[in-house]
1. Applying the selection to the range 1-45, what residues are within 24 Å of residue 78 (Cα to Cα) and of a type in the set (Gly, Ala, Ser)?
2. Please work out which one of (1) part of a strand (DSSP E or B); (2) surrounded by 17 or more Cβ atoms within 10 Å (Cβ to Cβ); (3) in contact (Cβ under 8 Å) with a residue 40 or more places away in the chain is the condition residue 110 fails and give its number.
3. For residue 118, state whether it is over 20 Å from residue 4 (Cα atoms), of a type in the set (Val, Ile, Thr) and either touching an Asp or Glu at 6+ places or on another chain (Cβ under 7 Å) or part of a loop (DSSP other than H, G, I, E, B) (or both).
4. Can you tell me which residue is farthest from the chain's Cα centre (by Cα) among those in the range 74-102 that are charged (D, E, K, R) and at pLDDT below 95?
Amino acid sequence: MLRLGIAVIGVVDMPRAVAFWTAALDLVASDEWQSDNWMTLHHADGSGRALGLQRSESPVEAHPRLHLDLFVDSTAEQEAAVERLVELGARRLDWDLYPPEPDFVVLADPDGNPFCVVDLSRAPSGDHRPS
């Protein structure tokens, strides 16, 4: 039976990406399928795979067709999460597609890959997908 596996993010600097995503999402690096070009990150509670990191030299897309949405339950939690992620190495993007009163904040990971932090208490704001 076909089933969805995990999201995979292309990265240039594997150690930096592992450090960022493990700290950002409370994940742990795994020996499973590990190489210089691949790292599987698991949930820290042992519940399974969460994210794949794959070495990539292709340029980051300004408006990727696929990205991660990270969920929080309140505006206060969103503000705290964004601040924490920026302290870990993310940066705010000057997003040109924000709707009025968005429920999401667009950040970029240390490799420049866009992702969103979505406040579910205000969702949906409409189209928050980087496109």
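1. So in the range 1-45, the residues within 24 Å of residue 78 (Cα to Cα) come out as 6-9, 16-28, 41-45.
Across the range 1-45, the qualifying residues are 7, 17, 19, 23, 24, 44.
2. (1)
3. yes
4. In this case the residue turns out to be 101.
The values are calculated or read from the model by the stated rules, or taken from the named source; none is laboratory data. Nothing here was measured: the structure is a model prediction, and the numbers come from that model. When we count neighbours, we look across all protein chains shown, and the Cβ atoms used for this are built from the backbone with ideal geometry, even at glycine.
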